[in-house]
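Below: one structure, written as structure tokens.
The values are calculated or read from the model by the stated rules, or taken from the named source; none is laboratory data. Every value quoted in this text rests on a predicted model; they were computed, and no experiment measured them. So basically every Cβ, Gly included, is an ideal-geometry build from the backbone, and we count neighbours across all protein chains shown. Side chains included, ligands, DNA and RNA excluded: accessible areas come from the protein's heavy atoms. Shrake-Rupley method; radii C 1.70, N 1.55, O 1.52, S 1.80 Å.
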Amino acid sequence: MWWSRKLASRCLRLHRAKSTKSPASTGAGGGLEPEQTLGIIGVPFAKGQGKQGVELAPDLLRQSSLRQVLQSSHDGLVIRDYGNLQYSVDESLLQQQRVHYHHIRNYADFMACNRALIEQVKQMLKENSQFLAIGGDHAIGFGSVAGHLQHTPDLSLVWIDAHADINLHSTSQSGNIHGMPVSFLLEQLRTTWQHAGLQDIAPNCLPKDQLVYIGLRDIDPYEAFILNKVGIRYFAMDTIDRVGVPKIIEMTLDALNPQNKIHVSFDIDALDSNVAPSTGTAVRGGLTLREGISIVEALRDTKRVQGVDLVEINPKLGSERDVRTTVESGLEILKSMFGYRRSGNWSNIDTGILGSD
């Protein structure tokens, strides 16, 4: 396949603490844009579900000109690529898995990976104004958001996904932990994970009123019960179809505390399978690419987005065309999230070509 040939043809050059810094640039509105630094971490974790391939996505996106795409979207963006996350599983996690969570697939690996990711996110935010975590499956959403909460306790979360990912270990039919990460983050559900040591590794909880879902259309019965019992705001596709994306954006922004930073966790399966076919749990009837871009543009324009996840791109699923389409859709989402404006931008050009006013 085209992506495997690219990966095999040359060694991946990862740039740690990099990029020639460019001066602050003039934004589309004419004002100076402050220089932004973006830390990127690849999280090639595939054990939250049963389909191998998602672990290849971080390197594939890099090979598909991720850095160039992001830097072309924002002249003042300085990128530091921290490579791919490493983790090891210790005996205490294996003991938790054997005694308490044996019915969950790969619990010990999940916790080991997310513990490492929590520390990585904290470190990246010490060194950068924003971070991007590239999965891997959506199980990494726990560590990404939990690490963000430790650095920035006043945080809002927008989870853009076809699935709610809020199952408990006692409600999941599949045992796949990529369908559970949100349940680790909410205080109201912590008692269901009493043996996971969350008070030590992820002490800060996300307030339920600072979580908004967009794009849901495949919700398990217990998840639907939890969402409504706890009182979590979610905009499923039937609501989006009824009121339209502009209204959804308005209601989302109204729900978020205007003083908070924002974390955006974007599962590629939020997009319709026509534009994102190479993903493990594709569901028809999702967001169009234009709708996905509109949503991330609105969040970006708050100037409060501090953390972003992009997950569940699987290069082993579908044809070469499917993989290319999915990767290109992911890059379009990231490009818009980090600065590209469809309405145009005249930063870093000679504005004197028409003479003085």
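Comparison of Asn228, Asn204, Asn260 shows that the only residue that is more than 23 Å from Leu317 (Cα to Cα) and open to solvent by less than 20 Å² (accessible area, probe 1.4 Å) is Asn260. Condition test on Leu185, is it hydrophobic (A, V, I, L, M, F, W, C), open to solvent by 10 Å² or more (accessible area, probe 1.4 Å) and within 26 Å of Asp238 (Cβ to Cβ)? Taking the combined requirement at face value, the residue does not satisfy it.
Show the residue pairs meeting these rules: Cβ distance below 9 Å; 6+ apart or different chains; first residue within the range 193-218 and more than 20 Å from Trp159 (Cα to Cα) and of a type in the set (Val, Ile, Thr); second residue at pLDDT 95 or above and open to solvent by 60 Å² or more (accessible area, probe 1.4 Å). Sorted first by the residue in the range 193-218, then by its partner, the pairs are Ile201/Arg115. Within the option set Glu328, Glu332, Glu312, being of a type in the set (D, E, K, R) and crowded, with 22+ Cβ neighbours inside 10 Å holds for one residue only, Glu312.
Out of the range 254-269, which residues are farther than 30 Å from Val54 by Cα and in contact with a Leu (Cβ under 8 Å, 6 or more places away or on another chain)? Hit for the range 254-269 is Asn260, nothing else. When the range 240-249 is limited to residues that are out of contact with any Asp or Glu (no Cβ under 8 Å at 6 or more places or on another chain) and under 18 Å from Leu216 (Cβ atoms), the one that is surrounded by the most Cβ atoms within 10 Å (Cβ to Cβ) turns out to be Ile248.
From the list Val243, Val296, the one residue that fits, being more than 22 Å from Gln63 (Cβ to Cβ), of a type in the set (A, V, I, L, M, F, W, C) and over 20 Å from the mean Cα position of the chain (by Cα), is Val243. Inspection of the range 149-171 finds a residue satisfying the criterion of being closer than 16 Å to Leu206 by Cβ, touching a strand residue (DSSP E or B) at 6+ places or on another chain (Cβ under 9 Å), in a helix (DSSP H, G or I) and open to solvent by less than 10 Å² (accessible area, probe 1.4 Å).
Could you tell me whether the range 270-288 includes any residue that is farther than 23 Å from Ser156 by Cβ, without any contact (Cβ under 8 Å) to a residue 24 or more places away in the chain, of a type in the set (Asp, Glu) and crowded, with 23+ Cβ neighbours inside 10 Å? The answer is yes, given that some residue of the range 270-288 is farther than 23 Å from Ser156 by Cβ, without any contact (Cβ under 8 Å) to a residue 24 or more places away in the chain, of a type in the set (Asp, Glu) and crowded, with 23+ Cβ neighbours inside 10 Å.
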